[in-house]
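Colleague: I am attaching a structure below and will ask some questions about it afterwards.
Every read-out reported here was derived from the displayed coordinates using simple, explicitly stated rules and does not represent laboratory data. Nothing here was measured: the structure is a model prediction, and the numbers come from that model. Ideal geometry is used to build each Cβ from the backbone, glycine not excepted, and the neighbour counts take in all protein chains shown.
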Ligand code: V55
Ligand code: FE
């Protein structure tokens, strides 16, 4: 019998194999290291690792997205690597812990909750650990962030920027300008469940929320990520929509529409939301993660995204009656180019990379032209199924370095049964060195057995393989996003 069954979790995709709930908080010092950790890698690799604390009382294919947030830290010291993981002490986790069982029902549907959950903040803070202005925030797009002590991983409470935040939500994907240090963010469904309100948020380099402006989206859509350039902000909208009546009837939060237009809202970064121009994109497409965006010398914006022809999550396609199999999604790294100043501005798409996700760029190139980037994809030469896990049920096993100047890609493939979680990029102090990628690698060693290593790879020489591997002390569920906080941060 699998661990998940013994703990009362159903033997469903969200709770088996790599997704088996672990529900363990721990701190372990002096982890075993093979190879040599580069001197550049001194600091903390924070990770969001969702893990459901209590078995569900409703059937919900989307439950993997509402697993309780856990924050993991892997600390690289002078001569010691340590790790710790703790639940984010959300109001939801506290209420369920006090009750001793789950109180919250389906993913993003409060109408499916038990009566005792009424009035308790539903967010699970499970998506990205954001490090900015000396604060660590655990984010989830359906609510406000939680602040966590970076040293103890103790939760310090919900964070509203000292009372300044009006939006009910805050994105999991912020963008930080490498020159000004400003953090740009937004919230969608900002004025309530299924609302079309988007809150545009600017946080200065000292961590003050200095700007919050609200505007309306063309429709209420799942806005997971966005992009900035040096002078513009882009609000991409793909047709995965929410509907209050459906939620009230106990239905799913999201339904995808193949026949609905996508949009990009384009706004001068220091402008006003009244200046937003909406450019129409192709129908039915979907993207969770944007790689980058920038203005070229002629002022044309290039917006690079991990795009597909429908929503990449099988449970959302299923709820939408869309019968497209995962390999038939036409995934690609798409570049949408447009002139934001042209009266008849239109989007032109070019395909600049393979299917995949988890795009990574050097933080120093955010919103700027860039020479290289990394992403995860599937090894086309694998002779068998990928490792089962995560919301898609298939883990990536090929790490790519893309040369945006036209050179050949580099690749690092894993053997069958192994898979990558999203890397973080660690800059190098050596002139001309492209830095390092630090990432969790999962190895399946039996039908329900996994071991995990944290790998460090030369970001400019993937083929050389890991320069160091840290053995993790316990089983882990799949990570969502991570963040690198250097020792000097
Ligand atoms: C994603 C993840 C989420 C979520 C919405 O990776 C989208 C996409 C872990 O939570 O709530
Ligand atoms: Fe994400």
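Colleague: Taking the Cα centre of each part, how many Å lie between segment 443-489 and segment 33-89?
Modeller: Answer, in whole Å: 11.
Colleague: Continuing with the same structure: Going by a ≥ b ≥ c, the root eigenvalues of the Cα gyration tensor, does segment 8-134 fall in the rounded group (a/c under 1.5), the prolate group (a/b larger than b/c) or the oblate group?
Modeller: Since a/c reaches 1.5 and a/b is larger than b/c, the shape of segment 8-134 is classed as prolate.
Colleague: 222 nm [θ] for the chain, helices only, -39500 (n - 2.57) per DSSP H run of 4+, per residue, to 500? Working shown, then result.
Modeller: Working: 4 runs with 24 residues, N = 489.
When only DSSP H runs of four or more count, the value is -1000 deg cm²/dmol.
Colleague: Another one. Can you give me the C-alpha center-to-center distance between segment 131-191 and segment 254-298, rounded to a whole angstrom?
Modeller: Here the two parts' Cα centres lie 22 Å apart.
Colleague: Still on this model: What number do you get for the chain when its Cα radius of gyration is normalised by 2.2 N^0.38 Å, N = residues?
Modeller: On the way: Rg = 21.2 Å, N = 489, 2.2 N^0.38 = 23.1 Å.
My calculation over the Cα atoms of the chain gives 0.92.
Colleague: A follow-up question, please. Given a Förster distance of 22 angstrom, what is the FRET efficiency for residue 449 paired with residue 25, based on the Cβ-Cβ distance and rounded to 0.05?
Modeller: 0.50
Colleague: Using the per-residue mean of other Cβ atoms lying within 10 Å as a proxy for protection, in what order, highest first, do the peptides 164-175, 201-212 fall?
Modeller: Values: 164-175: 21.7, 201-212: 16.8.
Top of the packing list down: 164-175, 201-212.
Colleague: Right, another one. What percentages make up the Cα-Cα pair-distance distribution of segment 282-431 when the bins are 5 Å wide from 0?
Modeller: 2, 9, 16, 20, 19, 16, 10, 6, 2, 1, 0
Colleague: Which peptide among 291-303, 150-162 comes first, and what is the full order, when sorted by highest mean count of other Cβ atoms within 10 Å?
Modeller: With the highest mean Cβ count within 10 Å placed first, the list reads 291-303, 150-162.
Colleague: Next up: Report, to two decimal places, the Cα Rg of segment 261-339 normalised by 2.2 N^0.38 Å (N = number of residues).
Modeller: Against the compact-globule rule of thumb, the ratio is 1.28.
Colleague: May I ask you to sort 214, 374 by Cβ crowding, counting other Cβ atoms within 10 Å and putting the fewest first?
Modeller: Fewest-to-most ranking of 214, 374: 214, 374.
Colleague: Rounded to the nearest 5, what % of DSSP beta bridges with both residues in the chain are antiparallel?
Modeller: 100
Colleague: For Cα pairs less than 8 Å apart in space and 6+ apart in sequence, what is the mean separation divided by the residue count of the chain, i.e. the relative contact order in percent?
Modeller: This gives 14 percent for the chain.
Colleague: Under the rule a/c < 1.5 gives rounded, and otherwise a/b versus b/c splits prolate from oblate, where does segment 91-240 land using the Cα gyration tensor?
Modeller: oblate
Colleague: Express the Stokes-Einstein translational diffusion coefficient of segment 335-396 in µm² s⁻¹, to the nearest whole number, given a Kirkwood radius over alpha-carbon pairs, 10 °C and a viscosity of 1.306 mPa s. Walk me through the numbers before you get to the answer.
Modeller: Working: Rh = 14.9 Å.
Diffusion coefficient, whole number: 107 µm²/s.
Colleague: If I take every Cα pair under 8 Å that is 6 or more residues apart in segment 9-114, average their sequence separation and divide by the length, what percent do I get for the relative contact order?
Modeller: 28
Colleague: Here's a follow-up. Applying a 10 Å radius around every beta-carbon, put 436-449, 117-130, 31-44 in order of their mean neighbour count, most first.
Modeller: 117-130, 436-449, 31-44
Colleague: Take 144, 23 and order them by how many other Cβ atoms sit within 10 Å, fewest up front.
Modeller: Ascending number of Cβ neighbours within 10 Å: 23, 144.
Colleague: Using the reciprocal of the averaged 1/r over all distinct C-alpha pairs, how large is the Kirkwood radius of segment 1-69 in Å?
Modeller: Hydrodynamic radius (Kirkwood, Cα pairs) of segment 1-69 is 14.6 Å.
Colleague: Once you order the gyration tensor axes a ≥ b ≥ c over the Cα atoms, which shape class does segment 73-129 get: rounded for a/c under 1.5, otherwise prolate or oblate by comparing a/b with b/c?
Modeller: Prolate, since a/c reaches 1.5 and a/b exceeds b/c.
Colleague: Provide, for q = 0.27 Å⁻¹, the log10 of I(q)/I(0) from a solvent-free Debye sum over equal Cα point scatterers in segment 41-90.
Modeller: Relative scattering, expressed as log10 I(q)/I(0), comes to -0.98.
Colleague: Can you compute the equivalent ellipsoid semi-axes for segment 139-188, i.e. the square root of 5 times each eigenvalue of the Cα gyration tensor, sorted largest first and rounded to whole Å? Before the final figure, lay out each step's value.
Modeller: Numbers: eigenvalues 68, 50, 22 Å².
Over the Cα atoms of segment 139-188, the semi-axes work out to 18, 16, 10 Å.
Colleague: Another question, if that's okay. Determine by what factor the alpha-carbon radius of gyration of segment 400-489 differs from 2.2 N^0.38 Å, reporting the quotient.
Modeller: Taking the Cα Rg and dividing by 2.2 N^0.38 Å, one obtains 1.18.
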